[in-house]
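A short worksheet on the structure shown next.
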């Protein structure tokens, strides 16, 4: 069986007209002789409205009942999609997690799919039916409704693609795909035709909010091809696949940048085990999200400097924690508001020498000062002044032939 | 175990504030050492909004998916009620039909509960938990979600009371109980403290829209005491129970009246078997609701007159059918717009002679002409001019000491 999993996000099923449009898309796959498994989110706005109600009931609303509450949104959306397919005489029905079942473990609100029972759905697909499966939900061993924490309906789609050995998983959303850089910041941003899981993971965690990193990682582990595309325009999207499927690699696939970052430097911290932990523990406890962390080797073997970034709105809180905690020892504390992290991402850099140099030279040519550098196998990140962000983006986009 | 079933209708859980109030009511029963089973409808407006969506998807929306769609409303309401009880540290959880399970048979949209599995709920009650069970829904043998057609959540509540041998079933709604006559039409209408199933059935089918007749009949067959009361004011409601529980019967319990009726008389129809059927078959086929039917014995043994009432808006259609159908033979057709059926109801009339006379005399004293008479064991109905309705109501209300 040639199986495809089609996942529709909340905006794709946000109105009755959009649901009708989604059904047109489903029918087009059916015409191409695919066995189609559909996964749907709740209509956009529904989940938030339900969450809002739960907050009015209790500022500490039960996790178990939260899952029962919000999963009702997917139930409604799935029945409407199935109803529309039936309207055209196609065989279809909605499937709730408990009817399949989709088994999860872990805590409520944050469960993970561990098993999807294949038999009923396979039988249904063989009979020509189009199952409309509610995303985001599962049941646990106590037969209680659970919801998938991170990744939500995307995670459901990837796991369905895995358990039913789908040819691919198509994520329909409100953007046309993944771009070389944020198209809202730079109008020469281009849609990427194909990208590796690894690059996408770097892009995702750097702010390309197309998919949650956890779902990309699930797809990578299970070698599932993902196509991200828009449900509103009929255009090829972005294929996320394994590296070996990508014939012609560009050196750099994408460039990302951050906003509203602040740089914190602790000058003269002791260079001994446990120091970094003693600094980040109280920050983590206070839910301060620490990004780029850089620590250089110490020149004298006794002291070193530690730099990291936080969101600017958390700078005051960070300062307070660092200054009030007696466990944290340093000589001086430096703060810099208004910095931005620019990253270039691409598996191509592994086999191409000189990428780092080209990046630094490009920025130097534009008289942009690099404050901090951090690299991984497929990513180079630098910290620059925030006001230089767009200049840097443009120059790098051109240099690495992404225009 | 002293079990009580509390059922809350859509208006009783219509807003977050109202749900909070419902939880106060539930806690008051808990304090009285009851084991409480709660049944809830969807928040008012939710079901209609979902049905509206289904109509936009297809004018012929699938019955199976309709059940999936609308039952999501009860799911949300139940989780909110349970969440509020948990907020106060009480043990509670929502139960969907499939989790219990509540088994139904019959068609989708119009199923009937045939079995409720007791074990899980009994165990939960014994552990001190308050189950919040979604009304209106069940599952069938194919594990598909069904909804209870007539009676809806009331029917769920009555069946739960039956299977769990509850002491009583309290129907919380937006009215304070059952009245001697429609309080909107007559301001001296009094709330009835206690009424028999049989009287309530007559009241219900005559327009006291507090409960669906089918649910009252279920309660009667299973000898379940029902209390109908308001969730908004803390006042005693109306107890619906078996006759032997009612110590002091008034002769008449209530008076009802209809609006917008028209009288149709077929003069000179043949007095032989099958004639009435030949008249009512085409009307029923065309979904015309025929009410009060009266046929007198024929004076000459050959011909008789047949009178019945229909809603005035269906008079034109009725006329057309009667005149166009050649199987229906009569000498003359008479129509009367603007009639009203006044009925007095009470089990007391069985043992009290002269009730019929008192009714007729009362109307005669007010110079109200009686056009047609029809009686049952516990009900006397007469047809009068619609303009005399309120005069008749008032006079009878006084005569039978209901003021």
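We did not get these values from a lab; they are worked out from the coordinates using the rules stated. This structure is a prediction, so every number in the text was calculated from the model and none was measured. FYI the Cβ positions are ideal-geometry reconstructions off the backbone, even for glycines, and counts take in every protein chain you see.
Which condition from (1) under 30 Å from residue B:316 (Cβ atoms); (2) out of contact with any strand residue (DSSP E or B) (no Cβ under 6 Å at 6 or more places or on another chain) is the one that residue B:234 breaks? With respect to (1) under 30 Å from residue B:316 (Cβ atoms); (2) out of contact with any strand residue (DSSP E or B) (no Cβ under 6 Å at 6 or more places or on another chain), residue B:234 is out only on (1). I'm trying to understand the selection: among the residues of region A:353-388, which are under 28 Å from the mean Cα position of the chain (by Cα) and exposed (fewer than 14 other Cβ atoms within 10 Å of the Cβ)? Answer for region A:353-388, where residues must be under 28 Å from the mean Cα position of the chain (by Cα) and exposed (fewer than 14 other Cβ atoms within 10 Å of the Cβ): A:376, A:377, A:387.
Selection of helices (runs of 4 or more DSSP H) fully inside region B:284-403 by the criterion of at least 1 residues being over 30 Å from residue B:194 (Cα atoms) and touching a residue at least 24 places away in the same chain (Cβ under 8 Å) returns B:315-324, B:355-365.
In region B:143-157, what residues are surrounded by 23 or more Cβ atoms within 10 Å (Cβ to Cβ) and outside any helix (DSSP H, G or I)? Hits for region B:143-157 are B:145, B:146, B:147, B:148, B:151.
Checked against (1) facing chain B (nearest Cβ under 9 Å); (2) within 27 Å of the chain's Cα centre (by Cα), residue A:110 passes all but condition (1). Of all residues in region B:236-259, those satisfying the criterion of being surrounded by fewer than 16 Cβ atoms within 10 Å (Cβ to Cβ) and farther than 15 Å from residue B:225 by Cβ are B:248, B:259. Where helices (runs of 4 or more DSSP H) fall wholly inside region B:1-107, the ranges with 1 or more residues that are crowded, with 21+ Cβ neighbours inside 10 Å, free of Cβ contacts under 8 Å to residues at least 12 places away in the same chain and within 14 Å of chain A (Cβ to nearest Cβ) are B:46-57, B:63-87.
What do you reckon, is residue B:139 touching a helix residue (DSSP H, G or I) at 6+ places or on another chain (Cβ under 7 Å), without any contact (Cβ under 8 Å) to a residue 60 or more places away in the chain, more than 29 Å from residue B:232 (Cβ to Cβ) and at the interface with another protein chain (Cβ under 10 Å from one of its Cβ atoms)? It is true that residue B:139 is touching a helix residue (DSSP H, G or I) at 6+ places or on another chain (Cβ under 7 Å), without any contact (Cβ under 8 Å) to a residue 60 or more places away in the chain, more than 29 Å from residue B:232 (Cβ to Cβ) and at the interface with another protein chain (Cβ under 10 Å from one of its Cβ atoms).
When the residues of region B:158-191 are narrowed to those that are in a loop (DSSP other than H, G, I, E, B) and within 16 Å of the chain's Cα centre (by Cα), which ends up surrounded by the fewest Cβ atoms within 10 Å (Cβ to Cβ)? Within region B:158-191, the match that is surrounded by the fewest Cβ atoms within 10 Å (Cβ to Cβ) is B:174.
Could you check region B:207-224 and list, in sequence order, the residues that are in a loop (DSSP other than H, G, I, E, B) and closer than 23 Å to residue B:256 by Cα?
Those that are in a loop (DSSP other than H, G, I, E, B) and closer than 23 Å to residue B:256 by Cα: B:207, B:208, B:209, B:210, B:211, B:212.
Take residue B:216 and tell me if it is surrounded by 18 or more Cβ atoms within 10 Å (Cβ to Cβ) and either within 14 Å of the chain's Cα centre (by Cα) or more than 18 Å from residue B:95 (Cβ to Cβ) (or both). Yes; evaluated as a whole, the condition is true for this residue. With respect to the conditions (1) out of contact with any helix residue (DSSP H, G or I) (no Cβ under 9 Å at 6 or more places or on another chain); (2) over 24 Å from residue A:345 (Cα atoms), residue A:183 lacks only one, and its number is (2).
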